[in-house]
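*Asks:* Right, I'll just put the structure down here and ask away after.
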Amino acid sequence: MIVCRKIPIPLTPEGGFGAIADDGTMILNEAAVKRTGLNREQINYEAGKVRAEIKQRTLRYKADRLPIRLGNRTVIIIDDGMASGITMVTAVESVRHRRPKEIVVAVSVAPAIAVDRVEKLADKIVTCVTADMPKFHIADFYRYWHDLSDDDIIRYLNQWQVWQFRSKIEPSQNR
């Protein structure tokens, strides 16, 4: 699991001007920074708030789970969709530091411009829908859309951990 969050634009939090990963990797969308006119102090302030949120979520989500070694493995980074792609670029860069054999990005929906941005860094990218439209919103591609709560995420992680444990002791029954 990678805890990676966009850095929201002040007064327009649905938009972002960069992203930060739990290992400290931070990538700014220089065009968005220029467009919004943010100065270094404002960038640092917003990034500091995101770092605090990432730290809190990392503690909650990872709890007593040991980090997984990614060296010489194929890593698949999954998300429900990409908007600008900057958060995924940050996640890919974060994983790249751990020297995997290959990084595959799998998202359900993305605008073509985000796919182009991520293709430059990931070894492969897979999308169900790649759209070319002026205003792209991930939620528009779902019948029922809602953000997961931290409790939902922890519950799903725990279920996955139980499934993983069972598949190791009862491999023939889980096929």
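Quick note: the coordinates plus some simple rules give every number you see, no bench work behind them. Every value quoted in this text rests on a predicted model; they were computed, and no experiment measured them. For neighbour counting, all protein chains shown are included, and Cβ atoms are generated from backbone atoms with ideal geometry for every residue, glycine included.
*Asks:* Long-range amide H contacts for Thr25: which residues qualify at under 5 Å (H placed 1.01 Å from N, peptide plane, sequence gap of 5 or more or a different chain)?
*Replies:* Under 5 Å from the amide H of Thr25: no residue qualifies.
*Asks:* Name the residues whose placed amide hydrogens come within less than 5 Å of the amide hydrogen of Ile7, ignoring near sequence neighbours (fewer than 5 apart) on the same chain.
*Replies:* The list, which skips near neighbours in sequence, is Phe17, Gly18, Ala19, Ile20.
*Asks:* Let me ask you something else. Eigenvalues of the Cα gyration tensor times 5, then square-rooted: what semi-axes does that give for the range 1-120, in whole angstrom, largest first?
*Replies:* Numbers: eigenvalues 115, 68, 29 Å².
Semi-axis lengths for the range 1-120 are 24, 18, 12 Å.
*Asks:* A follow-up question, please. Which residue, Gln159, Gln56, Gln42, tops the fluctuation ranking in a GNM of the chain built on C-alpha contacts under 10 Å?
*Replies:* Gln159
*Asks:* Then there's this: Which of the aspartates and glutamates could a cross-linker span from Lys124 if the Cα-Cα distance has to be under 13 Å and same-chain partners fewer than 8 positions apart are dropped?
*Replies:* Counting by Cα, and skipping residues close in sequence, Lys124 has these aspartates and glutamates nearby: Glu102, Asp116.
*Asks:* Can you run phi through the Karplus equation (6.51, -1.76, 1.60; θ = phi - 60°) for the range 122-133 and list ³J(HN,Hα) in whole Hz, with x for Gly and Pro?
*Replies:* Each residue's phi maps through the Karplus curve to give 7, 6, 8, 9, 10, 10, 7, 9, 10, 10, 10, 9 Hz.
*Asks:* Mind listing the phi-derived Karplus ³J(HN,Hα) values for the range 65-71, rounded to whole Hz, using 6.51, -1.76 and 1.60 with θ = phi - 60°, and x for any glycine or proline?
*Replies:* The phi angles translate into 6, 7, x, 8, 6, 9, x Hz.
*Asks:* Can I ask one more? Going by amide H atoms built from the backbone, whose H comes under 5 Å of the H on Ile125, apart from near neighbours?
*Replies:* It is Val105, by chain and number.
*Asks:* Among Ala31, Ala131, Leu70, whose Cα projects farthest towards the positive end of the dipole of the range 4-137, with charges put on the beta-carbon of Lys, Arg (+1) and Asp, Glu (-1)?
*Replies:* Selected residue: Leu70.
*Asks:* Can you compute 3J(HN,Hα) from phi for each residue in the range 12-20, using the Karplus curve 6.51 cos²θ - 1.76 cosθ + 1.60 with θ = phi - 60°, rounded to whole Hz and x for Gly and Pro?
*Replies:* Values per residue, Gly and Pro as x: 9, x, 6, x, x, 10, x, 8, 10 Hz.
*Asks:* In addition: Using label points projected 7 Å from each Cα along Cα→Cβ, tell me how many nm separate Asp147 and Arg73, to one decimal.
*Replies:* 2.9
*Asks:* Of all DSSP beta bridges in the chain, what percent run antiparallel (nearest 5)? List each step's numbers first, then the result.
*Replies:* Values: 9 of 22 bridges.
For the chain, the DSSP antiparallel bridge percentage is about 40.
*Asks:* Here's a follow-up. Would you order Ile169, Ile138 from fewest to most other beta-carbon atoms within 10 Å of each residue's own beta-carbon? Intermediate values should be presented prior to the final figure.
*Replies:* Values: Ile169 8, Ile138 17.
So the residues, fewest neighbours to most, are Ile169, Ile138.
*Asks:* To make sure I understand, if each residue's beta carbon is the centre and we count other beta carbons within 10 Å, what order do Val105, Val3, Val126 fall in, fewest to most?
*Replies:* If I rank by nearby Cβ atoms, fewest first, I get Val126, Val3, Val105.
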